[in-house]
Every structure is written in structure tokens, then in C-alpha cells.
1. Mind checking whether some residue in the range 76-89 is touching a residue at least 40 places away in the same chain (Cβ under 8 Å) and under 30 Å from S127 (Cβ atoms)?
2. I want to confirm something. Restricting to the range 84-124 and keeping residues that are crowded, with 16+ Cβ neighbours inside 10 Å and outside any strand (DSSP E or B), which single residue is modelled with the highest pLDDT?
3. I'd like the full set of residues that are within 13 Å of G24 (Cβ to Cβ) and among the hydrophobic types (A, V, I, L, M, F, W, C), limited to the range 46-62.
4. Does F36 satisfy the condition of being under 16 Å from V103 (Cα atoms) and modelled with pLDDT of 95 or more?
5. So, in the range 43-63, of the ones that are in a loop (DSSP other than H, G, I, E, B) and in contact (Cβ under 8 Å) with a residue 40 or more places away in the chain, which residue ends up surrounded by the fewest Cβ atoms within 10 Å (Cβ to Cβ)?
6. What are the residue pairs meeting all of these: first residue in the range 95-122, first residue under 21 Å from R55 (Cα atoms) and of a type in the set (G, A, S), second residue surrounded by 14 or more Cβ atoms within 10 Å (Cβ to Cβ) and modelled with pLDDT under 95, Cβ atoms under 6 Å, and 6 or more apart or on different chains?
7. Are any of the residues in the range 13-28 modelled with pLDDT of 90 or more, under 23 Å from L95 (Cβ atoms) and loosely packed, with under 11 Cβ neighbours inside 10 Å?
Amino acid sequence: MNLHRWLLIPLCAALLACSGTDTGTLPVQHWKNVEFIVETRPSPLRIGANEFIVRALNRDGSSAHKLVIYIRLSDSRPWQQAIQDGQLGIYRRGLILATGEDVDSLSMRILRGDEEGIITFPLEVESPPPSPDT
């Protein structure tokens, strides 16, 4: 019975590795001694709900978890706080991309104690399908 369990784990891992994904990773950005890696789901962004997953790592590779992170898709929108996922240096937030909205970057506001900074990540947005009238 234990042998079946040990065979099941690599089989599941192989199936997951072969499955398609529509996750994208934005270019890495730095602020102070922290490296920020942002994944988007889906990739490229689409009209509707999009998820942003931020990984914050200290220079030594440890998780940077004493941060408050806000994100937004345009300067005309309010900042939205990303939710910290434990003390893993992972922060998550879903944002809605509206039809016709012109977005080319994700802005991130970082707070750590009395320090504050803003960094920007370039985004790829899926082109909307042509309307049936054209």
C-alpha cells in the first residue's frame, strides 16, 4: 500500500508539469534590499478578473514578510491592498480589468515601517476580439 502512495506522488507531479498554464511572470523589480517577483493569472491579462501574486525576497533569499503592499492598474484607480499569505513573503490580490480600459503597467506601493516606495511593472494585455460588426 505504501508503494502505491510513493508512485502516486511522482505521477501527479508529472501530470501537473505537463498541464498547460496561463500564468505569466513580470520582470523582476527591486526596492531597497527586496526583490519583487509578480505572477499574473491569466497571462496576458484579460477583460474581467485577474490575479496578481507578489513574491518578496530579501537579498539573502529569505522571505520579506514585514511589508504592506498595495497595487493598482492605473493612476486613476485607488490603491488596493494585497493580502499577505502567512509569513512566506507572498502577497495576493485580484483586480478587475474593465472593457476598453487602457492599461500598460502595474504600480506597486510598498510600506515597511517608516519607509515607502513605488515600483512599476510592464504588463501585457490581451487584445479584445474584434466585434461582430466589423
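1. Among the residues of the range 76-89, not one is touching a residue at least 40 places away in the same chain (Cβ under 8 Å) and under 30 Å from S127 (Cβ atoms), which makes the answer no.
2. My answer is G89.
3. F52, I53
4. no
5. Checking each candidate, the answer is P44.
6. S105/L123
7. There is at least one residue in the range 13-28 that is modelled with pLDDT of 90 or more, under 23 Å from L95 (Cβ atoms) and loosely packed, with under 11 Cβ neighbours inside 10 Å.
The values are calculated or read from the model by the stated rules, or taken from the named source; none is laboratory data. Note that the structure is predicted; figures quoted are calculated from it, not measured. Note that we place each Cβ from the backbone using ideal geometry, even for glycine, and neighbour counts take in every protein chain shown.
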